[in-house]
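S.K.: Here's a structure for you.
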Amino acid sequence: MTQAADSPNRANAASGLRFLTELIGWTATPWALHRAGWAVAIAALVLLIALPAVVGTPGDRPFDPPVAIPGAAMLLLVLLEVAAAAVAPWFAWPAWAAAVSTVLAAASVVLEQPRWRWLLRHRTTPRHATQ
């Protein structure tokens, strides 16, 4: 499948900032959680990296996700990523770096609004229904 023609999830400033925000969350979250145990930190990485790599809303990316989920569920995963990038640095990094991370996460929220609206409008259909 190809990316839906009306999907705003394209290579642009919003997607670049989203990726930077995800990297911050992926880095800062296990760093902040390692005090609770390495298993907790690894579980957070699995949740933040592996889960969104496996599930997705069809048409949101240029490829079909292995497991299709409704746009609203994908939006919840996106919000988790943004929250991780905004909150975890405050427990792991110096205040100036945490402040920059929070500002980047907030900018990502603003720039991602077209994609979020698109996700909220899209539901999944069973694979056999589209074949």
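The values are calculated or read from the model by the stated rules, or taken from the named source; none is laboratory data. Model, not experiment: these values are computed from the prediction. Just so you know, the surface numbers come from the protein's heavy atoms only, side chains and all, with ligands and any DNA or RNA stripped out. Shrake-Rupley method; radii C 1.70, N 1.55, O 1.52, S 1.80 Å.
S.K.: By accessible area of protein heavy atoms, probe 1.4 Å, what ranking do R115, R123 get, highest first?
M.R.: Working: R115 15, R123 195 Å².
Largest to smallest exposure gives the sequence R123, R115.
S.K.: For a quick check of understanding: with a 1.4 angstrom probe and all protein chains in place, what accessible area in square angstrom does E22 have, to the nearest ten?
M.R.: 40 Å²
S.K.: Of the accessible area of region 24-131, with the probe set at 1.4 angstrom, what percent is carbon plus sulfur?
M.R.: Accessible surface attributable to carbon and sulfur in region 24-131 totals 75 percent.
S.K.: With runs of 4+ DSSP H residues as the only contributors, calculate the mean residue ellipticity of the chain at 222 nm using -39,500 (n - 2.57) per run, divided by the residue total and rounded to the nearest 500.
M.R.: -19000 deg cm²/dmol
S.K.: Moving to a separate point now. Considering only protein heavy atoms, what per residue accessible area in square angstrom results for the chain with a 1.4 angstrom probe?
M.R.: 56 Å²
S.K.: Over the heavy atoms of L80, what accessible area does a 1.4 Å probe trace out, to the nearest 10 Å²?
M.R.: 70 Å²
S.K.: Let me ask you something else. I need the helices of the chain that pass two filters: whole DSSP H segments spanning 18 Å or more by Cα along the axis, and mean Kyte-Doolittle score no lower than -0.5. The partial results should precede the final answer.
M.R.: On the way: long enough: 13-33 (30 Å, 0.70); 71-87 (24 Å, 2.38); 95-111 (24 Å, 1.99).
Long hydrophobic helices here: 13-33, 71-87, 95-111.
S.K.: Most fluctuating residue of W31, W96, W118 in a GNM of the chain with Cα springs under 10 Å: which is it?
M.R.: Largest GNM mean-square fluctuation: W96.
S.K.: In region 35-131, if every C-alpha pair distance is counted and binned at 5 Å from zero, what percent goes to each bin?
M.R.: Percent of pairs per bin, in order: 2, 12, 18, 20, 18, 13, 9, 5, 2, 1, 0.
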